[in-house]
Every structure is written in C-alpha cells, then in structure tokens.
1. Being closer than 19 Å to Met82 by Cβ and either part of a strand (DSSP E or B) or over 25 Å from the mean Cα position of the chain (by Cα) (or both) is the filter here; which residues of the range 11-30 pass it?
2. Which one is surrounded by the fewest Cβ atoms within 10 Å (Cβ to Cβ), of the residues in the range 139-152 that are among the hydrophobic types (A, V, I, L, M, F, W, C) and over 16 Å from Leu173 (Cβ atoms)?
3. May I ask you to list the residues in the range 63-82 that are assigned to a loop (DSSP other than H, G, I, E, B), touching a residue at least 40 places away in the same chain (Cβ under 8 Å) and under 23 Å from the mean Cα position of the chain (by Cα)?
4. Consider the range 83-127. How many of its residues are among the charged types (D, E, K, R), in a strand (DSSP E or B) and surrounded by fewer than 20 Cβ atoms within 10 Å (Cβ to Cβ)?
5. Identify the single condition in (1) under 18 Å from Thr109 (Cβ atoms); (2) out of contact with any Gly (no Cβ under 8 Å at 6 or more places or on another chain); (3) aliphatic (A, V, I, L, M) that Leu244 does not satisfy, given that it satisfies every other one.
6. So is Thr216 surrounded by fewer than 18 Cβ atoms within 10 Å (Cβ to Cβ), assigned by TED's automatic domain parsing to the domain that holds Ser154, closer than 20 Å to Arg108 by Cα and hydroxyl-bearing (Ser, Thr, Tyr) or not?
7. One residue is enough: does the range 111-118 have a residue meeting the conditions at pLDDT 95 or above and not assigned by TED's automatic domain parsing to the domain that holds Thr176?
8. Mind checking which residues of the range 106-165 are acidic (Asp, Glu) and out of contact with any Phe, Trp or Tyr (no Cβ under 7 Å at 6 or more places or on another chain)?
Amino acid sequence: MKRPKLHFAAGKTPEARAAKSALNRRYGSVGASQADVIVALGGDGLMLETLHAHLDQKKPIFGMNRGSIGFLMNEYRDEDLMERLARAETVKVRPLVMRAKTRRGRVRTALAINEVSLLRQTRQTAHIRVHVDGIERLNDLACDGILVSTPAGSTAYNLSAHGPIVPLGAGVLALTPICAFRPRRWRGALVRHGAQIELAVLDPDKRPVSATADFTEVRDVVSVSIAEDRTRACHMLFDPEHNLEARILKEQFTP
C-alpha cells in the first residue's frame, strides 16, 4: 500500500509544537495541498479550525490530543502512526450553513461544524420566534439564547445547555434553548437533519442578539436561517477501538 503523505497542523501550546517537531522528524511532512492526510495536534478547538481550513479540499483529518479536552481527538502516540492511519475509521459530518441578516440589512454566511448559536448581547432577555420548515413552532421564546447543533457538536455547548446528545447517523439536529424563561417548560426539540430553521429576533433595537457559527460571530442580527449543507462534508479519522460514535454513546451514560 502506498504510504500517505502527511501534513501536521499544531496548536500554540508547547506540547503541540513539540509533538509536531517530533512527528516531522519521524515521518516527514508536505504542504497541506499535497498531503493525503492532515494530522491535527492540539485540542478540540484546533481540530475545528483544521476542519474548517480544509473543508473544501475534502482532506481526511486525524487528530491527536495535545490540548485539554480532546473529545474529537485520538490518543497521542508518536509511534505506529502509519499503521493507525491504515486502520482508522472515517466519520463524515456535514456542516450547518448560517445566513444571518443584521439590523443594517447586511447578510453574512458562515459554516458551523459544531453549532450555530444566538445569544443576547445585553442584560435584556432575548425574544426569538422559531420557524421549522416554514411552520411557526414558537411565537415568542424569551431566553438568553438558542442553538442548533450537529451530532458531532451535541456533546459540546449543546450538552452544557442541557441539550440532548445526538448519536451519529441519527439524521437529526438538536434545537436547544439557553436559559429559557418562557415557555418555561420548553427544553428543546430534535428536528430532521434536512430541516430549514428560521430564527427571528423580536425587538432587536431594545434586545440585541448576536449569532455565532463556530468561530464566526455576527452582531445585531434580526433573522438567522440555518440548514445542513449537503454539498460539503468533513472527514474525521478515528482509531477503531476509540471511535467517535462509541464516545458519543459512552457520554450518554456518564454520570
């Protein structure tokens, strides 16, 4: 089997930089455009940055944890990397596309691999109207915010907001409120992965809201549309004995 050409991307921590130097010496490295596999060294933030950077190139990404949490990363080892890559299982995740319209009429588009979130910008509670596939589901959600999460992102911010963990391949997105005041008992919903979600900000002058797709923040939005981008996909590689699907399942039983 042909040996894959590798490109190593590292975070800013000393541990990540040292790992990159060691792996470069051991396996060699090429530019990202010439690589067959991108190896990301850091934490989940670095993994997301790497996925975004190489999304359109359709490069498979194999992450190794040299950061803090590392939920999206494999264990770091500098030996047997080629054997691990040969055995690795591929997880395909489609990003969300966010289209946010601001009070000034500008439209910003951004992609999210984890989630799209709306958050109040001031002390004033946000008021948001929710449509799913053109049908009004909530006339007035009074809250600190609301987010739409992919299965891969469901164990991140979504879980912190008490949203459900979504198994890979479930074909759904998680719609989760953040500190909902009214309706007080609404805890969110699961919608099909092809759903068109429209979030309208009520009274944006008095109660301004920002929208964020992973790393891209848009301030003073009046409406946000969110849908899965079926034309793109991220390809993450995992050791078969510790793959992402097994981690997500395990997380559901973590006390």
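The values are calculated or read from the model by the stated rules, or taken from the named source; none is laboratory data. This is a predicted model, so every value here is computed, not measured. Note that we place each Cβ from the backbone using ideal geometry, even for glycine, and neighbour counts take in every protein chain shown.
1. Step one: filter the range 11-30 for residues closer than 19 Å to Met82 by Cβ, giving 19-30.
Hits for the range 11-30 are Ser21, Ala22, Leu23, Asn24, Arg25, Arg26, Tyr27, Gly28, Ser29, Val30.
2. Residues of the range 139-152 among the hydrophobic types (A, V, I, L, M, F, W, C): 141-143, 146-148, 152.
Remaining after also requiring over 16 Å from Leu173 (Cβ atoms): 141-143.
Numbers: Leu141: 23, Ala142: 18, Cys143: 22.
Here the residue is Ala142.
3. Matches in the range 63-82: Arg66, Gly67, Phe71, Leu72, Glu75, Tyr76.
4. Residues of the range 83-127 among the charged types (D, E, K, R): 83-84, 87, 89, 92, 94, 99, 101, 103-104, 106, 108, 115, 120, 123.
Next cut, in a strand (DSSP E or B) only: 89, 92, 99, 101, 108, 115, 120.
Now narrow it down to the ones that are surrounded by fewer than 20 Cβ atoms within 10 Å (Cβ to Cβ): 89, 92, 99, 101, 108.
Counting residues in the range 83-127 that are among the charged types (D, E, K, R), in a strand (DSSP E or B) and surrounded by fewer than 20 Cβ atoms within 10 Å (Cβ to Cβ) gives 5.
5. (1)
6. Numbers: surrounded by fewer than 18 Cβ atoms within 10 Å (Cβ to Cβ): yes; assigned by TED's automatic domain parsing to the domain that holds Ser154: yes; closer than 20 Å to Arg108 by Cα: yes; hydroxyl-bearing (Ser, Thr, Tyr): yes.
Considered against the rule, which asks whether it is surrounded by fewer than 18 Cβ atoms within 10 Å (Cβ to Cβ), assigned by TED's automatic domain parsing to the domain that holds Ser154, closer than 20 Å to Arg108 by Cα and hydroxyl-bearing (Ser, Thr, Tyr), Thr216 comes out as yes.
7. First, pick out the residues of the range 111-118 that are at pLDDT 95 or above: 111-118.
This time we only want the ones that are not assigned by TED's automatic domain parsing to the domain that holds Thr176, so: none.
No, that holds for no residue.
8. Just the residues of the range 106-165 that are acidic (Asp, Glu), to begin with: 115, 133, 136, 140, 144.
Answer for the range 106-165, where residues must be acidic (Asp, Glu) and out of contact with any Phe, Trp or Tyr (no Cβ under 7 Å at 6 or more places or on another chain): Asp133, Glu136, Asp140, Asp144.
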